[in-house]
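Working notes, structure below.
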Amino acid sequence: MWYFAAPALIIVVFMVYCLIPNIWLRNYSKTVLRCGDNDGLYVALTFDDGPNPEYTPRILSILKKYGVKATFFVVGKNALLYSDIIMNIQTEGHTIGTHSYSHIHAWFMFPFAFLKDLAKSCSTLRKLTGKQSLWYRPPWGTFNILIPFAAKKLGLTLAYWSVSAHDWESDVSAERIVNSVLGKAKPGAIIVLHDNGDNHSSVEKTVRALPNIIKSLKSKGYQFLTLDESGGEYIA
């Protein structure tokens, strides 16, 4: 009967290690920041997967032009390659969080490999910036059972988001990115966009969409804060 037991065991392990923790942490856990305090007119812009030598500097220029601070969740191996961009992000007053070292899906890593990857990402950023990372967003915003324990040990706060424009999709347009963000943004919103990715045409559209997102939200009275500044509440 082993040929029945083995698939059942795999399903149980998947549920316990991946699926159940992911649902809980994405939607219910008070240890994950999904949205800031909704009493004030502010939003937090966040960017994942960078830095990228073509797109991140352009995004930094746009943010500087409009006087906006953001939070960059950077991939450790990219940070090492483009350490000058990391220093520019820091010098210009933005917050830097970790987005893993190798950008491997949390479900596809054995526990020891996952722990080693996260620790390496933190040590890499500490060497580059001279500061301890305070924020961690897992690749694809996907959690496993180890993430809250590893984050606590490394002094990290877990961050998710409340607004996604799906700007990584291959068929996305700049107009759709703008409309998606504006249609979902509410006080305290954490907006996730990307300054790097496998599909560079999508990142280009994010860059083109960004000025309109900023101008439109500012016209509605919103301020832009980093996650460090937001004073966000842990909400269910």
Test result for PHE143, out of contact with any Phe, Trp or Tyr (no Cβ under 7 Å at 6 or more places or on another chain) and surrounded by fewer than 19 Cβ atoms within 10 Å (Cβ to Cβ): no
Count - residues of the stretch 27-78 that are within 18 Å of the chain's Cα centre (by Cα) and acidic (Asp, Glu): 2
Count of residues meeting criterion [among the polar types (S, T, N, Q) and either free of Cβ contacts under 8 Å to residues at least 40 places away in the same chain or out of contact with any helix residue (DSSP H, G or I) (no Cβ under 8 Å at 6 or more places or on another chain) (or both)] in the stretch 139-169: 1
Leading residue by the ranking (farthest from ASN196 (Cα to Cα)) among those in the stretch 121-142 that are in contact with a Lys or Arg (Cβ under 9 Å, 6 or more places away or on another chain) and modelled with pLDDT under 95: GLN132
Selection status of ALA44, closer than 20 Å to TRP135 by Cα and either at pLDDT below 95 or crowded, with 21+ Cβ neighbours inside 10 Å (or both): yes
Hits in the stretch 59-93 (condition: within 16 Å of CYS122 (Cα to Cα) and either at pLDDT below 95 or hydrophobic (A, V, I, L, M, F, W, C) (or both)): PHE72, PHE73, VAL74, VAL75, ALA79, LEU80, LEU81, ILE86, MET87
Condition broken by LYS131, with the remaining ones in (1) touching a strand residue (DSSP E or B) at 6+ places or on another chain (Cβ under 9 Å); (2) surrounded by 16 or more Cβ atoms within 10 Å (Cβ to Cβ) satisfied: (2)
Filter pass, LEU118 being at pLDDT 95 or above and surrounded by fewer than 18 Cβ atoms within 10 Å (Cβ to Cβ): no
Helices (runs of 4 or more DSSP H) wholly inside the stretch 123-236 containing at least 3 residues that are under 16 Å from TYR42 (Cβ atoms): 174-184, 200-219, 227-230
Filter result for the condition that a residue is more than 25 Å from ALA150 (Cα to Cα), β-branched (Val, Ile, Thr) and free of Cβ contacts under 8 Å to residues at least 40 places away in the same chain, over ILE96, ILE85, ILE104: ILE85
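The values are calculated or read from the model by the stated rules, or taken from the named source; none is laboratory data. All figures in this text were calculated on a predicted structure; none of them were measured in a lab. Backbone-built Cβ (ideal geometry, glycine too); neighbour counts: all protein chains shown.
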